[in-house]
Amino acid sequence: MNGQSGAFDAGEQVLVIGLGRSGIATCAVLRARGATVFATDEKDPELLAEVIAELGRSGIRFIPPASLCAWTQRLTSCVLSPGVPLNNELVRRVQAARVPVYSEIEVAYRISRAPLVAVTGTKGKTTTTALIGAMFARAGKTTHVGGNIGNALITETFTAKPADWVIAEVSSFQLESIRSFKPKIATILNLSPDHLDRYHSMDEYGEAKFRIFANQGPGDTFVGNLDDPAVGALSEGDAAKRIPSRALWFGITPHRNATLYLRGDRITYAPPSGDPRPVEIMPLDEIGLVGRHNVANVLAALLVGLAADLDPHALRAAVREFSGLPHRLEHVAESDGVLFIDDSKATNPGSVVAALESFDRPIVLIAGGKSKRTDFRAMGQAIARRAKAVVLIGEAAAEIAGVVEAKRTARATSMDEAVAIARALAVPGDVVLLSPGCASFDMFSSAEARGAAFARAAAGLAAVHG
């Protein structure tokens, strides 16, 4: 191995593994910083032909996986795209050659000149990240929002100035291989079963999430959810010693450790220093997002903003103005009094439970897809409580059907068929809710593509019935 790794600039020879959105962005940023960049990916090279050609025009060489071992001795470091696990065969070959391996968010952090807010959790990450970005912008800060939310974090940190703020949505996958990643403010929204096709247990999954605060210090802040058993357990006793930074806590239900909480129908702040008298931030009826889980997301975002000393009036205005994101309880159509709601980003059972609890009208649920080896029992219980019927799609249809008791169920082989069946089961005043609880890759290229298919089918029915 030549040179010294860690600066990711001229003199370094860096391999990027994985040529998805973040991998391509990493190649571009490192090349712009003067590094010699190589790239590899296990996908069929024919499918990557355009990407490989574009990289080549930028001076970035593609290394076929079969040829990787011949190149490892010249590498100074390796960067993983978010979806590439540490036990991937290509990663093992690089590690066997004693080449340091970094996650994309680690590199993004190292090159950043701006302070960073990092958001993780099982559900609600993208909505909360976007809301925090809106709050910082409303408060007059130049803000860069990136990570799992849709644009590569490394691109945002590369362009950020010291006075700016970077708001990052980060996943457990990305946190696995961090080294010095240290957000100024970090928050964990919640923990529920997810990605158990990658992790052996909930404890292992939780430990990956807890790495978000591992490198923080006394000058940093951790924001945690007291209502979540796994996260809230860090607020007291020996577990609290794991958090090396200032810890601030929020909760919908009363807790003695809460800094931000509900008092009646008002969001109330108990300043951790200075005048201890509670301060009313805003009433609940100004929140435009649907569902109790989104109240928790708003509390998290508000407490992050307060931790950054932002003007509470700007925070309140940002919440009032925020209308949500695509594919997250998004109203996409209406037909004869039946609402069609796209929650395609609900890719784990906990998110489906939250979605089902968000409506006070009868629900016909469309669920299913590619299972992540999670337990569907709690989701089945929520369906039994809250849905009048369920239409099942995808590989996990039979597994979900097995936990839905005394509930009308139907099967569909396409989204068009699922929407048509759901509409036939619904009556005016009902909701047809797409909230799959599974990944999309058995039938669709992405959760976004699945949501778009649902919206098209719903719009088509609305036009016919209209």
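The values are calculated or read from the model by the stated rules, or taken from the named source; none is laboratory data. This one's a predicted model, so the numbers in the text were calculated from it and none came from an experiment. We place every Cβ from the backbone using ideal geometry, glycine too, and count neighbours over all the protein chains shown.
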Hits in the stretch 133-171 (condition: of a type in the set (Gly, Ala, Ser) and either outside the structural domain of Val304 (by TED's automatic domain parsing) or buried (at least 24 other Cβ atoms within 10 Å of the Cβ) (or both)): Gly133, Gly146, Gly147, Ala152, Ala168
Counted residues, the stretch 334-352 - those being part of a strand (DSSP E or B) and among the aliphatic types (A, V, I, L, M): 3
In the stretch 124-140, the residues that are in a helix (DSSP H, G or I), under 21 Å from Val353 (Cα atoms) and touching a helix residue (DSSP H, G or I) at 6+ places or on another chain (Cβ under 7 Å): Thr127, Thr128
Selection count, the stretch 44-68, where residues are charged (D, E, K, R) and surrounded by 13 or more Cβ atoms within 10 Å (Cβ to Cβ): 2
Residues of the stretch 359-396 classified as closer than 19 Å to Ser440 by Cα, out of contact with any Asp or Glu (no Cβ under 8 Å at 6 or more places or on another chain) and either surrounded by fewer than 20 Cβ atoms within 10 Å (Cβ to Cβ) or outside the structural domain of Cys438 (by TED's automatic domain parsing) (or both), total: 1
Output for the stretch 30-51, where each listed residue is under 20 Å from Thr159 (Cα atoms) and among the small types (Gly, Ala, Ser): Ala32, Gly34, Ala35
Residue that is nearest to the chain's Cα centre (by Cα), among those in the stretch 69-81 that are surrounded by 23 or more Cβ atoms within 10 Å (Cβ to Cβ) and of a type outside the set (Val, Ile, Thr): Ser81
Selected residue (only one of Phe38, Phe8 is in contact (Cβ under 8 Å) with a residue 24 or more places away in the chain, over 24 Å from the mean Cα position of the chain (by Cα) and part of a loop (DSSP other than H, G, I, E, B)): Phe8
Of the criteria (1) more than 26 Å from Ser445 (Cβ to Cβ); (2) in a strand (DSSP E or B); (3) without any contact (Cβ under 8 Å) to a residue 40 or more places away in the chain, which one His313 fails: (2)
One residue from Thr413, Thr374, Thr409 being among the polar types (S, T, N, Q), under 23 Å from the mean Cα position of the chain (by Cα) and not in a helix (DSSP H, G or I): Thr374
Exclusive hit being free of Cβ contacts under 8 Å to residues at least 24 places away in the same chain, of a type in the set (Gly, Ala, Ser) and out of contact with any Pro (no Cβ under 6 Å at 6 or more places or on another chain), set Ala384, Ala301: Ala384
